[in-house]
Structures are given as C-alpha cells and as structure tokens.
1. Within the set of pairs 6+ apart or on separate chains, which have a first residue in the stretch 56-81 that is not small (Gly, Ala, Ser), a second that is not in a helix (DSSP H, G or I), and C-beta atoms under 9 Å apart?
2. Which residues, taken from the stretch 55-96, are within 20 Å of the chain's Cα centre (by Cα), polar (S, T, N, Q) and not in a loop (DSSP other than H, G, I, E, B)?
3. Residue under question is GLN69, and the condition is that it be open to solvent by 100 Å² or more (accessible area, probe 1.4 Å), of a type in the set (S, T, N, Q) and at pLDDT 85 or above; does it hold?
4. Can you find a residue that is under 30 Å from LEU24 (Cβ atoms), at pLDDT below 85 and open to solvent by less than 90 Å² (accessible area, probe 1.4 Å) anywhere in the stretch 52-59?
5. Quick check on the stretch 8-41: of everything there that is surrounded by 10 or more Cβ atoms within 10 Å (Cβ to Cβ) and at pLDDT below 85, which residue is farthest from the chain's Cα centre (by Cα)?
6. Does ARG67 fit the bill of being touching a helix residue (DSSP H, G or I) at 6+ places or on another chain (Cβ under 6 Å) and within 30 Å of SER35 (Cα to Cα)?
Amino acid sequence: TVSSRNNSNRASISHLHRQLYGRLYPVLLVKTDGSTVRLRYKEPKRILMLPLDSSTLPEAERKARLRRQFPSKPKAEIEETFEGIDLDTYKRFWKK
C-alpha cells in the first residue's frame with residue numbers, strides 16, 4: 001500500500017487544496033466621506049471603496065450621478081437621400 005504524508009511537507013510537493021486561505025492582506029479602505037483606513041482583507045487588493053448612499057445626497061447631485069451612470073441613448077441621424085444629386089457630374093468615375 002502507498003502511504004500518504006499528512007504533514008507540513010505535503011505543501012512543498014503540490015499546492016494546498018483549500019477554499020479559504022489563512023492569510024489576510026493589507027488593504028486601503030476608502031469611506032464615503034473620503035477618509036481612509038488601513039485594514040487586513042481576505043483578497044489581495046490595493047483599494048476598497050464603500051458604496052455611496054444616494055439617499056443622503058442632494059437632489060441635484062443624485063440626478064447628476066444617475067446621468068453619468070446611465071447615459072442617454074444616442075439619437076438616430078437623418079439619412080441622406082439621393083434625390084437632389086445630379087448623376088451626370090459623377091459619370092466620369094463610373095467604369096465602362
């Protein structure tokens with residue numbers, strides 16, 4: 001039979017089969033008022049930003065943020081028609 005080693009040397013042969021890792025990474029947390037706090041987070045990131053509560057914003061700033069987040073759809077342009085073009089002026093460009 002083959003014996004498997006279940007000690008700390010097992011990780012040097014292959015990777016650890018874990019869903020969660022014990023290490024916490026230093027991350028900069030930016031609060032909604034602009035203040036920053038250094039904390040330890042489970043994923044390696046540089047900056048975490050807390051979401052802004054739109055109910056505390058003034059009405060004008062809230063609408064401006066919504067406009068930036070969801071821009072209006074572009075308007076359809078008017079298509080050109082060939083009714084007013086004299087085709088005899090472009091006759092020299094046609095191949096015979």
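The values are calculated or read from the model by the stated rules, or taken from the named source; none is laboratory data. Small disclaimer: the values here were computed from a predicted structure and weren't measured. Quick reminder, even Gly has a Cβ in these numbers, built from the backbone with ideal geometry, and neighbours come from all protein chains shown. Side chains included, ligands, DNA and RNA excluded: accessible areas come from the protein's heavy atoms. Shrake-Rupley method; radii C 1.70, N 1.55, O 1.52, S 1.80 Å.
1. THR56/THR32; ARG65/LEU52; ARG65/LEU57
2. GLN69
3. Spelling it out, GLN69 is indeed open to solvent by 100 Å² or more (accessible area, probe 1.4 Å), of a type in the set (S, T, N, Q) and at pLDDT 85 or above.
4. Filtering the stretch 52-59 down to residues under 30 Å from LEU24 (Cβ atoms) leaves 52-53.
Next, only the ones that are at pLDDT below 85 stay: 52-53.
If we keep only those that are open to solvent by less than 90 Å² (accessible area, probe 1.4 Å) as well, we get 52-53.
Yes, the stretch 52-59 contains a residue that is under 30 Å from LEU24 (Cβ atoms), at pLDDT below 85 and open to solvent by less than 90 Å² (accessible area, probe 1.4 Å).
5. Across the stretch 8-41, the extreme among qualifying residues is ARG10.
6. No.
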